[in-house]
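Data first, discussion second: the structure below is written as structure tokens.
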Amino acid sequence: MIRISVAMVTYQGEKYIKEQLDSILEQLGPEDEVVISDDGSTDGTIEIIKAYCKSDERIHLLSGPGIGVKANVENALRACNGAYIFLADQDDIWMPEKVSCVMETFAREDAVVVVHDAVVMDGDCKEVVLDSFYSLKGSGSGVVKNIWRNTYIGCCMAFKRELLEAVLPIPSYIEMHDQWIGVINDLLKNKTCFIPDRLLCYRRHGNNASGMTHYGVGRMIKNRVCFVWALLRRKS
């Protein structure tokens, strides 16, 4: 039985992916896996991953559907076999104690979802932009809270396999997969733990798939309506 699956999505990530993979692999055991779904990279990303695959059988490379981040995340999740699933971006860096701290929280708190804090860094991971992502997001669990303003951070989330069936498929018309996973868990009244440990260097640069700025009012309203509609359709 695979213990941990790391679900990573990649696209044009050659600049950062080696550093991220190294930070992940050194924390995993022989019974763990890294599932990478690449969404059609044309730089050196695939070649880098294939080189890792040759020397480490824990890494599995998939071809993504090529229709955006949420579908690519779903593609990776469907291939995960672990009892615990960690989400990972291609361009961050895991702190050395991330896996052990999160797994200890699962055991101690009997949680289904664990979310940790992150230090926001510049593109070279040399200067601190923000010492706590939680302070920006006002992070915490709750259905209404996270529909109004999402505080789930995908790259800082891990969850038990039992949640997978409930969150798949991820609706194509919602804005964020991490919000979907977190709110579904809240709706099911499962326990979510937001721990204060800063276990990730969250790298900010010009090519991030997600941003730290707010959308305009019109788009924010549309996103919330679409999200609620997706929840209602799921429950019907």
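Computed from the coordinates by the stated procedures, all read-outs in this text should not be read as laboratory data. As the structure is a computational prediction, the values presented were derived from the model and not from experiment. Cβ coordinates were reconstructed from backbone atoms using ideal geometry, including for glycine residues, and neighbour counts include every protein chain displayed.
A few remarks follow.
- The magnitude of the dipole of segment 4-235, with charges of +1 and -1 set on the Cβ of Lys/Arg and Asp/Glu and taken from the Cα centre, is near 1260 debye.
- Lys pairs under 19 Å by Cα in segment 4-235, provided they are eight or more residues apart or on distinct chains: 15
- Annotation: amide H-H contacts under 5 Å for ASP197 (H modelled 1.01 Å from N, sequence separation of 5 or more, or interchain): ASP117.
- Taking other C-beta atoms within 10 angstrom as a stand-in for reagent exposure, CYS155, CYS193 fall in the order CYS193, CYS155, fewest first.
- Using only alpha carbons, the chain has a radius of gyration to Kirkwood radius ratio (Rg to Rh) of 0.93.
- Neighbourhood net charge (13 Å Cβ-Cβ; Lys/Arg +1, Asp/Glu -1) for SER23: -4
- Here the 3J(HN,Hα) profile of segment 109-114, calculated from phi with Karplus coefficients 6.51, -1.76 and 1.60 at θ = phi - 60°, is 9, 6, 8, 9, 10, 10 Hz, Gly and Pro shown as x.
- Farthest toward the positive end of the dipole of the chain, out of GLY218, ILE24, LEU163, is the Cα of GLY218, where the dipole comes from beta carbon charges about the Cα centre.
- For the chain, DSSP calls about 30 percent of its internal beta bridges antiparallel.
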